[in-house]
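Visitor: Here it is, the structure in full.
The values are calculated or read from the model by the stated rules, or taken from the named source; none is laboratory data. Please read all numbers here as calculations on a predicted model, not as lab measurements. Note: ideal-geometry Cβ built from the backbone for every residue, glycine included; neighbour counts use all protein chains shown.
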Amino acid sequence: MSQYKIAVVVGSLRRDSFNRKFVHALEKMARKDFTFVHLDIGSLPLYNQDNDGTPSQTVTKLKEDIKAAHGLIFATPEYNRSMPGVLKNALDLASRPYGQNAWAGKPAGIVGVSVGATGTAMAQQHLRNVLAYLDVPTLGQPEMFIQHKDGLFDAEGNIGDGSRKFVLSWMDRYVGWLEKHSQQSKS
């Protein structure tokens, strides 16, 4: 059995982020051969092309962590019908300079939690557009737009009974997606 390292990118910096809490609950549901590394995107400088030749230590670490991962999970809130600026900034920084895109080829899954009825549908669509350009093969179905409401999490921070089956089915599809792309990269 292989060990899979998953780089997790949470697009919210808020201490009590629903998306961070969701990803932690998702990790508890993962197979034992999965480990998760949360990428620090909050301390990154704003992208400036003038710095492409001399990236900061935080940018270098971000790119190293991405390259060391077998796959990616993005958890994004929705800000003004799009992804948060901090997430877009991380995407830009790790894809530069041209020809040194750390994201390329890494299979990804996208999840999102919001208080709105449509979850994070628009943010995820914008994120998918950027990931497509960055050559990140992204799981298309099932989509994971989660509305935060009572019962989403139990008292221990696990996914509640009402959403557990759906989240497990997403995780199964993500694992298959990751395994498929890991086998392709070995051939």
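Visitor: Among the residues of segment 116-154, what is the count of those that are at positive phi and of a type in the set (Ser, Thr, Tyr)?
Guide: 0
Visitor: Sticking with this one: I need every pair where a residue in segment 107-118 that is among the polar types (S, T, N, Q) has its Cβ under 6 Å from the Cβ of a residue that is surrounded by fewer than 21 Cβ atoms within 10 Å (Cβ to Cβ) and outside any strand (DSSP E or B), sequence separation at least 6 or different chains.
Guide: Once the first residue is among the polar types (S, T, N, Q) and sits in segment 107-118, no partner that is surrounded by fewer than 21 Cβ atoms within 10 Å (Cβ to Cβ) and outside any strand (DSSP E or B) comes close enough.
Visitor: Can VAL10 be described as of a type in the set (A, V, I, L, M, F, W, C), closer than 19 Å to VAL136 by Cα and surrounded by 15 or more Cβ atoms within 10 Å (Cβ to Cβ)?
Guide: Judged against the criteria, VAL10 is a match.
Visitor: Here is a check on your reading of the model: is TYR4 in contact with a helix residue (DSSP H, G or I) (Cβ under 9 Å, 6 or more places away or on another chain), surrounded by 18 or more Cβ atoms within 10 Å (Cβ to Cβ) and either modelled with pLDDT under 95 or aromatic (Phe, Trp, Tyr) (or both)? Explain how you work it out, then say what you get.
Guide: Details: in contact with a helix residue (DSSP H, G or I) (Cβ under 9 Å, 6 or more places away or on another chain): yes; surrounded by 18 or more Cβ atoms within 10 Å (Cβ to Cβ): yes; either modelled with pLDDT under 95 or aromatic (Phe, Trp, Tyr) (or both): yes.
Yes: the conditions hold for TYR4.
Visitor: Let me ask something else. For ALA25, state whether it is aliphatic (A, V, I, L, M) and either under 17 Å from VAL175 (Cα atoms) or touching a helix residue (DSSP H, G or I) at 6+ places or on another chain (Cβ under 8 Å) (or both).
Guide: It is true that ALA25 is aliphatic (A, V, I, L, M) and either under 17 Å from VAL175 (Cα atoms) or touching a helix residue (DSSP H, G or I) at 6+ places or on another chain (Cβ under 8 Å) (or both).
Visitor: Moving to a separate point now. Among the residues of segment 47-59, what is the count of those that are without any contact (Cβ under 8 Å) to a residue 24 or more places away in the chain and surrounded by 12 or more Cβ atoms within 10 Å (Cβ to Cβ)?
Guide: The qualifying residues number 3.
Visitor: Going by the structure shown, is LEU178 crowded, with 18+ Cβ neighbours inside 10 Å, of a type in the set (A, V, I, L, M), in contact with a Lys or Arg (Cβ under 8 Å, 6 or more places away or on another chain) and under 18 Å from PHE34 (Cβ atoms)?
Guide: no
Visitor: In segment 17-46, what residues are touching a strand residue (DSSP E or B) at 6+ places or on another chain (Cβ under 9 Å), assigned to a loop (DSSP other than H, G, I, E, B), of a type in the set (A, V, I, L, M) and crowded, with 16+ Cβ neighbours inside 10 Å?
Guide: Once the filter is applied, which keeps residues that are touching a strand residue (DSSP E or B) at 6+ places or on another chain (Cβ under 9 Å), assigned to a loop (DSSP other than H, G, I, E, B), of a type in the set (A, V, I, L, M) and crowded, with 16+ Cβ neighbours inside 10 Å, segment 17-46 yields ALA30, LEU39, ILE41.
Visitor: Which one of the conditions (1) part of a helix (DSSP H, G or I); (2) more than 18 Å from LEU139 (Cβ to Cβ) does ILE66 fail to meet, given that it meets all the rest?
Guide: (2)
Visitor: Residues of segment 56-81 being among the hydroxyl-bearing types (Ser, Thr, Tyr) and either modelled with pLDDT under 95 or within 13 Å of the chain's Cα centre (by Cα) (or both), which ones?
Guide: First pass over segment 56-81, keeping only residues among the hydroxyl-bearing types (Ser, Thr, Tyr): 56, 58, 60, 76, 79.
Passing the criteria: THR76, TYR79.
Visitor: Of everything in segment 116-152, what is surrounded by 18 or more Cβ atoms within 10 Å (Cβ to Cβ), at pLDDT below 95 and assigned to a strand (DSSP E or B)? Give them in sequence order.
Guide: PHE145, ILE146
Visitor: Can you tell me which residue in segment 87-115 is surrounded by the fewest Cβ atoms within 10 Å (Cβ to Cβ), limited to those that are part of a loop (DSSP other than H, G, I, E, B) and touching a Ser or Thr at 6+ places or on another chain (Cβ under 9 Å)?
Guide: Taking segment 87-115 first, the residues part of a loop (DSSP other than H, G, I, E, B) are 95-107, 115.
Checking the rest, the ones that are also touching a Ser or Thr at 6+ places or on another chain (Cβ under 9 Å) come to 101-105, 107.
On the way: ASN101: 19, ALA102: 21, TRP103: 23, ALA104: 15, GLY105: 13, PRO107: 22.
Ranking the candidates gives GLY105 first.
Visitor: Related question: Show the residue pairs meeting these rules: Cβ distance below 8 Å; 6+ apart or different chains; first residue within segment 120-147 and under 17 Å from VAL175 (Cβ atoms); second residue modelled with pLDDT of 95 or more and β-branched (Val, Ile, Thr).
Guide: THR138/ILE110; LEU139/ILE110; GLU143/ILE110; MET144/ILE110; MET144/VAL111; MET144/VAL167
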